[in-house]
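What follows is calculated from the coordinates using simple rules that are stated; it is not laboratory data. These figures come from a predicted structure and were not determined experimentally. Note: ideal-geometry Cβ built from the backbone for every residue, glycine included; neighbour counts use all protein chains shown.
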Amino acid sequence: MSAFVDFQGVWLAYNDELLAQGHFAVEDISLQMKQGEFVAIVGPSGCGKSTFMKLATGLRMPSKGSIAIAGQPVTGPLKISGMAFQAPSLLPWRTTLDNVLLPLEIVEPFRSNFKSKRKEYEAKALQLLDSVGLAGYGQKYPWQLSGGMQQRASICRALVHEPQLLLLDEPFGALDAFTREELWCTLRDLQATARFNVILVTHDLRESVFLADTVYVMSRSPGRFVARRPIDLPRPRDLEVTYTPEFTDIVHELRGHIGAQRRTPAAVAT
């Protein structure tokens, strides 16, 4: 079976001048994701994790190499993806429900049917809010929600149009440890139910091991993958697994890969 996400030897320079000088933000990136897989990408600051996300969403085209998602070459911004970032970026003048509905107002084929199917779409959005513990908060405004609640709403907004690929860029990085772990479990449950693909960029190694099927480690800039670590911990995972020796050993192994990048003057792929 062909990969759902397929990066083949991808290099990216941000402009023609940098390309001519051979200065790349990421180089020789190859990654294949199966349908329904959860992948996490970790690495030191400035290694190119966010650049990878721009490539995966079609916001940037590679200088060299190819990207295919769902069997189609990526030639522009993807319509089958949803995104959530570290800042929830909810529109302050819209209620929580109206924020979640936003993709259905702007993404086809939902946009054309938005007025006629608004009640159906609202019911769908409210069901999503309920599934992440925000039942009854649909008419609240973002400033009336805690940071964790805002991030839950942001994830609902990213999922309301039923994307096949969810892209998460440090989505829990600004939250306290307890709220962060709650949202790990929320994301775990949503993905287990709907089986959409996830690419998570994170600095949190525990987060990557708890959530992902496979973790990739990126080198310092120019970013390339220096390690691929399948996470063979059984699912479903609960937070108790994070205290086991098996879990801790994987976290230490990943930390060793990242530490090696910080110690060496230049990244060398393995």
- Task: For every other residue with a beta carbon closer than 15 angstrom to the beta carbon of residue 181, add +1 if it is Lys or Arg and -1 if Asp or Glu, then tell me the sum.
- Result: -2
- Query: Mind listing the phi-derived Karplus ³J(HN,Hα) values for region 84-99, rounded to whole Hz, using 6.51, -1.76 and 1.60 with θ = phi - 60°, and x for any glycine or proline?
  - Reply: 9, 10, 4, 8, x, 6, 6, 6, x, 8, 10, 5, 4, 4, 5, 5
- Item | Total lysine pairs whose alpha carbons fall under 24 Å of each other in the chain (8 or more apart, or interchain) | 18
- Note on the structure: Non-local residues with an amide H under 5 Å from the amide H of residue 83, with H modelled 1.01 Å from N and Pro and chain starts lacking one, are 167
- Give the shape of region 36-162 as rounded, prolate or oblate, defined through the alpha-carbon gyration tensor: a ≥ b ≥ c are the square roots of its eigenvalues, a/c under 1.5 means rounded, and otherwise the shape is prolate if a/b is larger than b/c and oblate if not. oblate
- Task: Just subtract the alpha-carbon distance of residue 2 and residue 32 from 0.36 nm times their residue separation and send over the number in nm, one decimal.
- Result: 9.9 nm
- Separation in nanometres of the label points that stand 7 Å from Cα toward Cβ, at residue 235 and residue 176: 3.0 nm
- Note on the structure: Burial-style ranking of 2-8, 146-152, 244-250, average other-beta-carbon count within 10 Å with highest first, yields 146-152, 2-8, 244-250
- Fraction of beta bridges assigned by DSSP in the chain that are antiparallel (%, nearest 5): 45 percent
- Note on the structure: With -39,500 (n - 2.57) per DSSP H segment of 4 or more residues and division by the full residue count of the chain, the 222 nm estimate, nearest 500 deg cm²/dmol, is -11500 deg cm²/dmol
- Taking the Cβ of residue 35 as the center, what net charge do the other residues with Cβ under 13 Å away carry, scoring Lys and Arg +1 and Asp and Glu -1? -1
- Message: Rounded to the nearest 20 debye, what is the charge dipole size of the chain about its Cα centre when +1 sits on each Lys and Arg Cβ and -1 on each Asp and Glu Cβ?
- Response: 500 debye
- Item | residue 107-residue 72 pseudo-label distance in nm [points 7 Å out on the Cα-to-Cβ vector] | 1.3 nm
- Task: Would you kindly give the portion of the calculated P(r) for the chain that falls above 28 Å, as a percent of all Cα pairs?
- Result: 37 percent
- Simple Cβ-charge dipole of region 131-269, Lys/Arg +1 and Asp/Glu -1, about Cα centre, in debye nearest 20: 460 debye
- Query: How far, in nm, would the chain grow between residue 64 and residue 16 when pulled straight, counting 0.36 nm per residue and subtracting the alpha carbon separation?
  - Reply: 16.0 nm
- Item | For residue 26, residues with placed amide H under 5 Å, excluding near neighbours | 12, 223
- Message: Starting from 0.36 nm per residue, how many nanometres of slack lie between residue 189 and residue 91 once their C-alpha separation is accounted for?
- Response: 32.7 nm
- Message: Test of understanding: ordering 226, 100, 107 by Cβ neighbours within 10 Å, fewest first, what list do you get?
- Response: 107, 226, 100
